Structures are given as C-alpha cells and as structure tokens.
Amino acid sequence: QVQFWESGGGLVQPGGSLRLSCAASRSILSFYLMNWYRQAPGKERELVAGVTGGGTTNYANFVKGRFTIWRDNAQNTMYLQMNSLKPEDTAVYYCYGESRETLAWGQGTQVTVSS
C-alpha cells in the first residue's frame with residue numbers, strides 16, 4: 001500500500017505561480033507512471049500532466065508551456081510547477097501513481113486563481 005499527500009495549493013492571482021508536491025509514504029521507484037489530474041466544480045476530472053519512471057513527460061494542451069512536471073525518486077516526491085496561472089486553472093489537483101501492484105490517488109489540494 002502507498003499513500004500520497006499533495007501540498008502547495010492555495011490562492012494566487014492570475015499570472016502567478018505555485019508549486020505542488022505529491023509526497024509518497026514509500027519509495028516511488030516502482031511507479032512507472034505518475035500523473036497530476038484536476039477537477040473543477042461541475043466538471044469531470046482531467047489529466048494535466050504525467051511523468052514516467054524514466055522521466056518522460058506529457059502535458060495536456062491547455063498547460064503546455066506553463067506547467068512542468070518532474071519526480072524526485074530519492075525524495076519519493078512528484079512535483080508540478082505551475083506558472084502563468086489563469087482563472088480557468090482553478091480546481092482541486094490530485095496526484096496519481098500506478099505500479100504493477102497498485103494504483104493510488106492523493107486526497108487533493110485546492111488551487112484557486114483569482115484577483
């Protein structure tokens with residue numbers, strides 16, 4: 001079993017930045033895929049970005065050039081750097097990890113972009 005804890009969310013003005021962290025309760029080396037998702041009120045959960053165990057990344061079109069995902073296996077943590085934030089980025093952000101043995105979600109962290 002593994003648990004993920006997200007942190008770093010908060011209130012930020014449009015154009016601002018936030019860095020989200022997803023800390024795991026154990027090693028993430030076995031997680032061949034880790035993603036950030038988000039869910040805005042009244043909308044379905046959507047994929048924001050993903051990173052493989054080898055460091056390959058992918059991004060949703062709506063965050064390309066603004067968000068950066070990476071993982072630090074030594075720290076058992078995944079990150080999401082969010083720059084040039086827009087009001088439409090307001091959502092609860094969740095981390096997700098998948099290994100051969102398990103898949104797990106974090107509890108989410110609220111990001112609100114508003115002036």
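For this structure, a couple of remarks:
- Relative packing of 27-37, 60-70, which averages over residues the other C-beta atoms within 10 Å, highest first: 27-37, 60-70
- 3J(HN,Hα) from dihedral phi, the range 10-16, Karplus parametrisation 6.51/-1.76/1.60, rounded to Hz, x for glycine, proline: x, 9, 9, 6, x, x, x
- Mean sequence separation of contacting Cα pairs (under 8 Å, at least six apart), scaled by the length of the chain, corresponds to a relative contact order of 37 percent.
- Protein accessible area in the chain, 1.4 Å probe - carbon and sulfur %: 47
- In this structure, the amide hydrogen of Phe67, modeled 1.01 Å from its nitrogen in the peptide plane, lies closer than 5 angstrom to those of Asn83, counting only residues at least 5 positions away or on a different chain.
- Spread of Cα-to-Cα distances over 5 Å intervals beginning at zero, given as percent, for the range 8-115: 2, 13, 25, 25, 18, 10, 5, 1, 0
- Across the range 44-51, rounded Karplus estimates of 3J(HN,Hα) from the backbone phi angles (6.51 cos²θ - 1.76 cosθ + 1.60, θ = phi - 60°) give 7, 5, 10, 6, 9, 6, x, 9 Hz, Gly and Pro being marked x.
- Using the Karplus relation 6.51 cos²θ - 1.76 cosθ + 1.60 with θ = phi - 60°, the per-residue 3J(HN,Hα) values for the range 67-75 come to 10, 9, 10, 7, 10, 10, 5, 5, 9 Hz, with x marking Gly and Pro.
The values are calculated or read from the model by the stated rules, or taken from the named source; none is laboratory data. Quick caveat: nothing in here was measured; it's all calculated off a predicted structure. Cβ atoms come from the backbone with ideal geometry, glycine included; neighbour counts cover every protein chain shown. Ligands, DNA and RNA are stripped out before the accessible areas are found, and what is left, the full protein with its side chains, is counted by its heavy atoms. Shrake-Rupley method; radii C 1.70, N 1.55, O 1.52, S 1.80 Å.
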